[in-house]
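One structure is given here, and the rest of the page talks about it.
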Amino acid sequence: MLFLICGLVLFLGCHSLRVGPASLRDGLVQRLGAGGFKGLYSIVSLIGFALIIWGYGQARLSPSVVWLPPVATRHLAVLLMLPALILMVATYIPANVIKAKLHHPMVLSVKVWALAHLLSNGNLADIVLFGSFLIWAVLSFRAARQRDRANPTEAAASKPLGLILTLMLGTGVWAALIMGGHRLLIGVSPFGG
C-alpha cells in the first residue's frame, strides 16, 4: 500500500499544481524554465503513475476488504463508464459540443470513472486509489472553473461531426472494455468473475 500512496502523492501532486495558487506553478516555471518544468513534471508524473500501477497490483494480492458492494453496483459502474469514456474522448475530438460546453471534460471523466469504481469495489486499495482520484477531480474541476470565470474565453465552435465522432468513439471504447478489454488490461471483468 505504501507504493500506491507514494505514487498517488507524486502523480496527483504534480497534477494539482493548477489547483493551488498560480504563483506556485509560475514560480517553478520561472526557476526551471519552461522546458525544465515540463521535463521534471513528466518524469515525476511517470514515476508516480508507475508506482500507482505497481502499488495497486501489490495491494490486490492481499486485499483488505472494507465492504462488499452489491452485485448491482457493478452494473451501475458499467453504465457510468459510458459517459466517463465519452467525456474522455471529448477531450481530444475537435469541434465537439461537449468540450465547448463543459470546458474540462477530462476532469469530469475522471470524476465519473472514480465514482463508478468506488461504487463497485470495496477493498482498501480501491478506496484509496479511486477516492484519491475523485477528490483530486473535484478540486481540480473547481479550480479550473474559477480560472474560467476569472479569464472568460469564448467557447470553441462545435460541429455535428465532432459530436458524432465523440459519441461513436466513446461508445466504441466502452463496448471494447466490457467485451473483454477490461479483463485483458486490468485482469478483472467489469461484471465480476
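ILE52 satisfies every condition listed in (1) in the same structural domain as MET179 (by TED's automatic domain parsing); (2) surrounded by 13 or more Cβ atoms within 10 Å (Cβ to Cβ); (3) touching a residue at least 40 places away in the same chain (Cβ under 8 Å) except (1). Condition check: of a type in the set (A, V, I, L, M) and surrounded by 14 or more Cβ atoms within 10 Å (Cβ to Cβ). Does ALA72 satisfy that? Considered against the rule, which asks whether it is of a type in the set (A, V, I, L, M) and surrounded by 14 or more Cβ atoms within 10 Å (Cβ to Cβ), ALA72 comes out as no. Say whether the condition of being of a type outside the set (Lys, Arg) and closer than 21 Å to LEU8 by Cβ is met by at least one residue in region 142-162. Yes, because at least one residue in region 142-162 is of a type outside the set (Lys, Arg) and closer than 21 Å to LEU8 by Cβ. Of a type in the set (A, V, I, L, M), surrounded by fewer than 13 Cβ atoms within 10 Å (Cβ to Cβ) and under 27 Å from LEU177 (Cα atoms), is that true of LEU79? Yes: the conditions hold for LEU79. State whether the residues of region 31-42 include one that is at positive phi and either assigned to a helix (DSSP H, G or I) or outside the structural domain of HIS117 (by TED's automatic domain parsing) (or both). Yes, region 31-42 contains at least one residue that is at positive phi and either assigned to a helix (DSSP H, G or I) or outside the structural domain of HIS117 (by TED's automatic domain parsing) (or both). Going by what's in this entry, would LEU184 be described as more than 22 Å from GLY20 (Cβ to Cβ) and at pLDDT below 95? Judged against the criteria, LEU184 is a match.
Confirm whether ALA116 is within 20 Å of ILE53 (Cα to Cα) and buried (at least 19 other Cβ atoms within 10 Å of the Cβ). Against the criterion (within 20 Å of ILE53 (Cα to Cα) and buried (at least 19 other Cβ atoms within 10 Å of the Cβ)), ALA116 qualifies.
Only residues that are farther than 26 Å from ASP148 by Cβ, of a type outside the set (Lys, Arg) and outside any loop (DSSP other than H, G, I, E, B) were counted in region 59-81, giving 12.
Give me a count of the residues in region 15-39 that are within 28 Å of ALA59 (Cα to Cα) and either modelled with pLDDT of 95 or more or of a type in the set (Gly, Ala, Ser) (or both). Residues in region 15-39 being within 28 Å of ALA59 (Cα to Cα) and either modelled with pLDDT of 95 or more or of a type in the set (Gly, Ala, Ser) (or both): 1 in total.
Residue by residue, here is whether (1) touching a residue at least 24 places away in the same chain (Cβ under 8 Å); (2) over 19 Å from LEU134 (Cβ atoms); (3) surrounded by 14 or more Cβ atoms within 10 Å (Cβ to Cβ); (4) touching a helix residue (DSSP H, G or I) at 6+ places or on another chain (Cβ under 7 Å) holds:
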residue: PHE11; (1), (2), (3), (4): yes, no, yes, yes
residue: SER23; (1), (2), (3), (4): no, yes, no, no
residue: GLY27; (1), (2), (3), (4): no, yes, no, no
residue: GLY35; (1), (2), (3), (4): no, yes, no, no
residue: GLY57; (1), (2), (3), (4): no, yes, yes, no
residue: LEU68; (1), (2), (3), (4): yes, yes, no, no
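The values are calculated or read from the model by the stated rules, or taken from the named source; none is laboratory data. Just so you know, these numbers come straight off a predicted model, no measurement behind them. When we count neighbours, we look across all protein chains shown, and the Cβ atoms used for this are built from the backbone with ideal geometry, even at glycine.
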